[in-house]
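A short write-up of the structure that comes next.
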Amino acid sequence: METTIRKARVEDAPTLAELMNLAGEGIPAYLWERMAEPGEDVMAFGACRVARPEGGFSYANAHVAEVDTGIAGMLLGYRLDDPYDTGPMDELPAVVRPLVELEALVPGSWYVNAVATVSAYRGQGVGRRLMAQAERLAAESHARTMSLIVAEQNDRARRLYEELGYQAHARRPIVPFPRCPHRGNWLLMTKPMASS
């Protein structure tokens, strides 16, 4: 299987929105539903948000893995601000607060916000290739640490990250929301970058 990785383009936004929602355990769709107009298609709204050139969920922060001409997976990541300003926490949706608290513990790290593989390509190394791309991007940014957040109950993803050298750093309770697939904790995992 020939896999290439490229910067995401604005026209990838609908697929990126689906993959971001998959990686985000449904939180993106939950938030988009709250922001969309009544009756507006939630994923179409999400795609419009992803198509913006700025913001954490922008296509500009994404890379895609392509097989032939189709997208097989997506990486969303960037370097976190240092210092990291959480802003007024009481203004954030409750489901997001524990995630922001965890991000604030690793200012300046290169943050893997989301990585997801299209179901037809799972188990074929696409996720590992995207995580290797994340390491290259982290090295280019001169970050000393990589970070990510995963649901502790998401055994498959957590095991992959452990195999890649990530270790548990901190936990915060998951705030349940409609269709929330997990209970328990969010787990912040970190990995030091090799010295250059």
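The values are calculated or read from the model by the stated rules, or taken from the named source; none is laboratory data. Model, not experiment: these values are computed from the prediction. We place every Cβ from the backbone using ideal geometry, glycine too, and count neighbours over all the protein chains shown.
Is it true that some residue in the stretch 25-38 is β-branched (Val, Ile, Thr), surrounded by 14 or more Cβ atoms within 10 Å (Cβ to Cβ) and closer than 22 Å to residue 169 by Cβ? Taking every residue of the stretch 25-38 in turn, at least one turns out to be β-branched (Val, Ile, Thr), surrounded by 14 or more Cβ atoms within 10 Å (Cβ to Cβ) and closer than 22 Å to residue 169 by Cβ. Here residue 141 clears all of (1) more than 21 Å from residue 19 (Cα to Cα); (2) modelled with pLDDT under 95; (3) not β-branched (Val, Ile, Thr) except the condition numbered (2). The set of residues from the stretch 167-196 being among the β-branched types (Val, Ile, Thr) and in contact with a Lys or Arg (Cβ under 8 Å, 6 or more places away or on another chain) comprises 174, 175. Residues that are touching a residue at least 40 places away in the same chain (Cβ under 8 Å) and over 18 Å from residue 189 (Cβ atoms) were ranked within the stretch 79-119; the one that is surrounded by the fewest Cβ atoms within 10 Å (Cβ to Cβ) is 94. Quick one: in the stretch 120-132, which of the residues that are of a type outside the set (Gly, Ala, Ser), under 26 Å from residue 184 (Cβ atoms) and in contact with a strand residue (DSSP E or B) (Cβ under 8 Å, 6 or more places away or on another chain) is surrounded by the fewest Cβ atoms within 10 Å (Cβ to Cβ)? That would be 131.
Of all residues in the stretch 153-174, those satisfying the criterion of being at pLDDT 95 or above, assigned to a loop (DSSP other than H, G, I, E, B) and surrounded by 15 or more Cβ atoms within 10 Å (Cβ to Cβ) are 164, 166, 174. Selection of the stretch 177-190 for residues being more than 16 Å from the chain's Cα centre (by Cα) and under 21 Å from residue 104 (Cα atoms) yields 184, 185.
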